[in-house]
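Below is one structure, written out as C-alpha cells; comments come after it.
Read-outs throughout are calculated quantities, based only on the coordinates presented, and are distinct from any laboratory measurement. Predicted model, so just to flag it, every value in this text is computed and none were measured. Counting neighbours? That spans all protein chains shown, and the Cβs are built from the backbone with ideal geometry, glycine included.
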Amino acid sequence: SQTIHQWPATLVQPVGSPLSLECTVEGTSNPNLYWYRQAAGRGLQLLFYSVGIGQISSEVPQNLSASRPQDRQFILSSKKLLLSDSGFYLCAWSVQMNTEAFFGQGTRLTVV
Amino acid sequence: SQQGEEDPQALSIQEGENATMNCSYKTSINNLQWYRQNSGRGLVHLILIRSNEREKHSGRLRVTLDTSKKSSSLLITASRAADTASYFCAGGGFQGAQKLVFGQGTRLTINP
C-alpha cells in the first residue's frame, strides 16, 4: 500500500536560518507531488507541484524553493527564513491530476 | 488566488441534523473533490465528482456539481460529533494543469 512520510512534525527556527522539509512517498511510481502551506484557520495555498523528477512548478513567488531529486522525494527549502514563513506545511501526492490526493500529517513551522 | 470558495465559513449544528456546505469555483475544472481536516492534521479525501457527473453518494455524504453555475455542495446527513472538522473543496485539472487548488474551507461544529 502507498504511504507518505513528512517530517518533522514541528519545527521552531530563528529568522534567517535555512529550512529543509522532506517528504517521501512509498508504494507508487511517478506520483504528482505537492507542497501546500496553511495559515492558521485558513485554506491551503499551493506552493509547488511536480509531475516528475526535476520538474517543479512554482505557484507563488516567495522565499521558498522546492526540489525533486528522486521520483518519490520532494523537498521544500529556504536559504533564509522570514517570520512570514511560519505556518503549517503539507505535502501531498496523487497518481495523476484526475484522482484524489493523499496528504502527509504536516509540519508546523514557527519562525521566531 | 484560490479557485474554490466554501460557504459558509463556519457552521454549527446539533447532532443528528444535516449539514450542507457549498463551494464555488471560478474556472473550468476536470473534477471537484471534497476533503476533511481534523485540527492540526493532514487532509483526508472524502469524495470526487467528475465534471460530467451531477450527483454522487458515499455513505452519509452526498455531493452535487453544477458546472453551469460553477458550484458544488456537500451534504452530510445525520451528523455526528465525530464529523466536527474543517471541510475543503478542491478543483482538479484546473485549466488542464496537474494541480489541485483548494478553497478556504468550512469549519463544521457538531454539538452533542
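Only residues that are part of a strand (DSSP E or B), touching a residue at least 60 places away in the same chain (Cβ under 8 Å) and surrounded by 12 or more Cβ atoms within 10 Å (Cβ to Cβ) were counted across the stretch B:11-21, and they come to 5. The residues listed here are B:65, B:43, B:61, B:32; of these, the one that is buried (at least 19 other Cβ atoms within 10 Å of the Cβ) and more than 25 Å from residue A:37 (Cα to Cα) is B:65.
Any idea which of (1) free of Cβ contacts under 8 Å to residues at least 60 places away in the same chain; (2) surrounded by fewer than 16 Cβ atoms within 10 Å (Cβ to Cβ) is the one residue A:95 doesn't satisfy? Going through (1) free of Cβ contacts under 8 Å to residues at least 60 places away in the same chain; (2) surrounded by fewer than 16 Cβ atoms within 10 Å (Cβ to Cβ) one by one, residue A:95 breaks only (1). Among strands (runs of 3 or more DSSP E) entirely within the stretch B:35-112, having at least 1 residues that are among the charged types (D, E, K, R), within 14 Å of chain A (Cβ to nearest Cβ) and out of contact with any His (no Cβ under 7 Å at 6 or more places or on another chain) singles out B:43-50, B:55-58, B:106-111.
Residue-level analysis places residue A:110 outside the set of residues that are within 12 Å of chain B (Cβ to nearest Cβ), β-branched (Val, Ile, Thr) and at negative phi.
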